[in-house]
Amino acid sequence: MLLHVPGLFNRDEVLRIRQALEQAEWADGKVTAGYQSAKAKHNLQLAEDHPLAREIGAAIVERLWSNPLFMSAALPRKIFPPLFNCYTGGGSFDYHIDNAVRYVKGSPERVRTDVSTTVFFSDPDDYDGGELEIQDTYGVQRVKLPAGDMVLYPSTSLHKVTPVTRGARLASFFWTQSLVREDSQRALLFEMDNAIQKLTMDVPDHPSLIQLTGTYHNLLRRWVEV
Ligand code: NI
């Protein structure tokens, strides 16, 4: 399931974040790539322990935990500390699948990558190219979102970033280990949760809502890993 989550950050917040990122010192993105994906990766990245990455990363994670759409779709168990990249001057990242397990630097923490997220910090009009292309069950999806928005997609999918031929594309990316490992199960729960939310608005006193909500939790109980 591919999901666009709008407005994680508002306009003013995006401007402040972008200004800070533009002044940061960037390193070669190959340092966090695996052996194979290093050959496909041509971009810049902030060091994982860069104070700015830590600061903006913490702000992102805080927003995520209070974002109903993210919570419902990702059912997060743990979130990898967000990383930051910059594509410019023809930079790209060819088709690859992300590593299954990520190790948090300087900690014994490991995160199984179930859900991948990209948060966009550059306005789409300010750069050419830089589409995130994801091979989905229904074909290739091309994603280029307004600054402050994010996209969620299954980490099992093949994906790439097309060359940025004008301007720069600043973004954050990270992975979530979900309480529900399988994308198809998460998608069912997400659809059901959406339907329950809408019914709660439209017919709040309908007795079947209790049954439906119960069924949601009984399905989640069947699939959850805590
Ligand atoms: Ni990737």
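With the structure loaded, tell me whether SER157 is at pLDDT 95 or above, within 12 Å of the ligand (Cβ to nearest atom) and in a loop (DSSP other than H, G, I, E, B) or whether it fails that test.
Yes: the conditions hold for SER157.
Quick one: which of LEU21, LEU8 is outside any loop (DSSP other than H, G, I, E, B), closer than 30 Å to VAL140 by Cβ and away from the ligand (no atom under 15 Å from the Cβ)?
Testing whether each residue is outside any loop (DSSP other than H, G, I, E, B), closer than 30 Å to VAL140 by Cβ and away from the ligand (no atom under 15 Å from the Cβ) leaves just LEU21.
If you check ILE134, ILE60, which single one turns out to be part of a strand (DSSP E or B) and hydrophobic (A, V, I, L, M, F, W, C)? Break it down into steps so the answer makes sense when it comes.
On the way: ILE60 fails: part of a strand (DSSP E or B).
Being part of a strand (DSSP E or B) and hydrophobic (A, V, I, L, M, F, W, C) holds for just one of ILE134, ILE60, which is ILE134.
If we scan region 109-116, do we find a residue that is modelled with pLDDT of 95 or more, part of a loop (DSSP other than H, G, I, E, B), in contact with an Asp or Glu (Cβ under 7 Å, 6 or more places away or on another chain) and surrounded by 15 or more Cβ atoms within 10 Å (Cβ to Cβ)?
The answer is yes, given that some residue of region 109-116 is modelled with pLDDT of 95 or more, part of a loop (DSSP other than H, G, I, E, B), in contact with an Asp or Glu (Cβ under 7 Å, 6 or more places away or on another chain) and surrounded by 15 or more Cβ atoms within 10 Å (Cβ to Cβ).
Could you list all residues from region 160-177 that are near the ligand (Cβ under 9 Å from one of its atoms) and either surrounded by fewer than 23 Cβ atoms within 10 Å (Cβ to Cβ) or free of Cβ contacts under 8 Å to residues at least 24 places away in the same chain (or both)?
LYS160, PHE173
Answer with yes or no whether ASP136 is at pLDDT below 95, of a type in the set (Asp, Glu) and either surrounded by fewer than 18 Cβ atoms within 10 Å (Cβ to Cβ) or more than 14 Å from the ligand (Cβ to nearest atom) (or both). Quick ask: steps written out before the conclusion?
Numbers: at pLDDT below 95: yes; of a type in the set (Asp, Glu): yes; either surrounded by fewer than 18 Cβ atoms within 10 Å (Cβ to Cβ) or more than 14 Å from the ligand (Cβ to nearest atom) (or both): yes.
Yes: the conditions hold for ASP136.
The values are calculated or read from the model by the stated rules, or taken from the named source; none is laboratory data. Everything quoted here is computed from the prediction, not taken from an experiment. Backbone-built Cβ (ideal geometry, glycine too); neighbour counts: all protein chains shown.
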